[in-house]
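First comes the structure, then the notes that go with it.
The values are calculated or read from the model by the stated rules, or taken from the named source; none is laboratory data. Please read all numbers here as calculations on a predicted model, not as lab measurements. Because the Cβ atoms are built from the backbone with ideal geometry, glycine has one as well, and the counts that use them run over all protein chains shown.
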């Protein structure tokens with residue numbers, strides 16, 4: 001099936017020129033190109049047109065989960081008849097395994113996997129293996145080890161009406177690819193059977209498959225909804241892919257066990273030769289425990305650390321990743337490349353230093369170092385055609401593309417870059433209140449950008465106490481909570497969103513009419529020229545918008561940023577005048593996407609208002625303070641400031657009681 005772009009809009013402004021140049025570049029064999037598009041110029045629509053014209057499977061890489069979700073939603077809208085998939089880290093919470101030699105502290109890996117995102121990841125890889133019209137929107141999770149794509153593909157179970165098989169043979173095949181029999185709690189990654197009918201719930205689907213077998217032959221393959229058992233469709237043939245990306249063939253598994261034992265023997269001998277008896281004993285005990293579990297159950301905690309052996313790779317050889325599921329002739333789009341490229345570049349070193357310590361002190365075998373993200377040169381070596389998309393591309397992207405920079409300065413709506421005001425930082429809090437009042441009166445939205453998470457929390461709490469409808473956002477919140485907060489801002493559930501650098505790149509918020517940047521004169525990564533332009537870009541989708549930089553002095557970064565914004569603004573004004581264009585605000589519906597509806601987990605809190613402090617004994621107070629502090633943090637983490645403030649007030653009262 002071919003990519004079919006669906007949109008009521010036609011390319012306009014600088015879009016037609018940009019689309020033509022990028023498509024011609026790909027046809028000429030240019031591996032690297034840059035799309036320099038100002039905020040709100042419709043870079044995503046331009047790129048969607050490029051995909052439709054070049055007809056290549058496409059990987060879109062975003063530097064954070066929130067933006068990946070937004071891009072996923074937009075591409076699904078543009079390509080409703082094609083496979084648009086979502087691939088981000090499936091951890092809601094992740095504490096990596098680590099060892100701190102200075103304090104002799106071992107931290108065990110602790111993680112919480114989001115089942116829905118796991119399904120979407122598996123759906124992405126199965127789509128790539130079964131069709132050509134696929135767009136995968138991914139975070140940098142796409143460069144991390146996900147086992148062997150070859151084994152994942154080869155181990156799938158093929159079903160076809162008329163095919164000779166039996167219930168016993170089919171169930172054995174399913175067990176080999178990590179499916180479990182469960183007649184009581186039927187869910188994803190399980191199967192159940194009764195008589196000559198077997199139900200299979202594939203790891204990557206929301207529906208289950210029913211197979212009827214008579215006289216050792218498949219009679220039908222039908223698809224049903226799990227909750228209602230409603231019949232959906234009938235299939236002539238169907239592929240059941242493994243329940244996990246980390247699967248291997250029986251011969252490879254046996255060879256892996258043998259190689260792990262050999263490596264363990266070598267490592268124990270090494271530690272003994274260095275007179276490191278504690279490390280020798282530790283690595284022997286830990287690895288033997290894992291081997292025992294692998295031999296009996298086929299699985300162990302931290303199995304990914306043995307992935308080099310399980311996939312049959314050589315020492316130092318790169319692991320398999322999402323990119324290996326794409327055909328060689330694919331297109332890669334790197335969104336907000338000025339941030340995403342440095343992020344990809346730094347992934348390997350950060351991972352390596354942590355694991356090296358675990359290896360040096362006998363917690364892991366050296367082969368664990370090969371369970372890793374790709375090195376930057378390995379990543380580049382897998383790419384075919386690349387488009388780096390950004391309003392502020394970095395020097396590296398411009399250099400590698402040999403200055404093939406396609407500019408998209410003129411917006412289809414005629415919108416010009418918003419005006420910039422500079423106000424004193426010393427009165428920023430009181431001044432921003434006045435500005436918020438003006439915006440709220442006109443039913444607009446406000447983004448306030450602070451330098452630190454603590455400042456964001458304090459400011460949000462203060463504004464809340466002054467009866468403003470406000471929330472704050474930061475990187476500690478899980479991806480889907482952040483998506484819902486941004487959606488609620490657009491819907492008008494609240495008026496002011498306070499944040500740190502998460503507000504920089506790519507957030508599409510047409511309702512925002514004011515971006516206030518606190519402490520703009522504090523030179524550094526969060527207040528350099530690129531960052532200030534990106535922050536200001538959040539106000540570039542509404543004709544009534546403006547930017548306020550709160551600064552007590554004009555830094556070099558402020559001057560450069562304001563000069564560049566003025567240059568772009570003048571080009572846009574000149575174009576509008578020449579073509580008699582009246583600017584219009586971007587109008588964009590707030591979409592609900594089923595994939596994200598039931599992922600964010602709800603939390604419940606103790607009713608603090610019901611607690612009568614006067615009846616507490618003093619010995620119980622410290623324990624209650626500790627409990628309240630934990631609950632206060634939980635409430636604050638999901639932006640439930642009212643509850644958090646109630647806990648904070650009770651903690652103050654408890655501490656006063658202890659002093660009496």
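Return the total of residues in region 517-553 being surrounded by fewer than 17 Cβ atoms within 10 Å (Cβ to Cβ) and in contact with a strand residue (DSSP E or B) (Cβ under 7 Å, 6 or more places away or on another chain). Of the residues in that region, 1 qualify.
Please tell me if residue 3 is within 23 Å of residue 126 (Cα to Cα), in contact with a helix residue (DSSP H, G or I) (Cβ under 6 Å, 6 or more places away or on another chain) and not assigned by TED's automatic domain parsing to the domain that holds residue 135. Yes: the conditions hold for residue 3.
Number of residues in region 439-455 that are more than 23 Å from residue 553 (Cβ to Cβ), in contact (Cβ under 8 Å) with a residue 24 or more places away in the chain and in a helix (DSSP H, G or I): the value is 3.
Taking (1) surrounded by 17 or more Cβ atoms within 10 Å (Cβ to Cβ); (2) modelled with pLDDT of 70 or more; (3) within 30 Å of residue 439 (Cα to Cα) in turn, residue 628 satisfies each apart from (3). Restricted to strands (runs of 3 or more DSSP E) entirely inside region 1-104, those with at least 2 residues that are crowded, with 22+ Cβ neighbours inside 10 Å are 32-37, 58-61, 83-87.
Please verify whether region 346-365 includes one or more residues that are closer than 30 Å to residue 406 by Cα and either out of contact with any strand residue (DSSP E or B) (no Cβ under 9 Å at 6 or more places or on another chain) or assigned by TED's automatic domain parsing to the domain that holds residue 145 (or both). Within region 346-365, one or more residues are closer than 30 Å to residue 406 by Cα and either out of contact with any strand residue (DSSP E or B) (no Cβ under 9 Å at 6 or more places or on another chain) or assigned by TED's automatic domain parsing to the domain that holds residue 145 (or both).
Look at (1) surrounded by 15 or more Cβ atoms within 10 Å (Cβ to Cβ); (2) more than 15 Å from residue 445 (Cβ to Cβ); (3) in contact (Cβ under 8 Å) with a residue 60 or more places away in the chain and you find that residue 490 fails only one, number (2).
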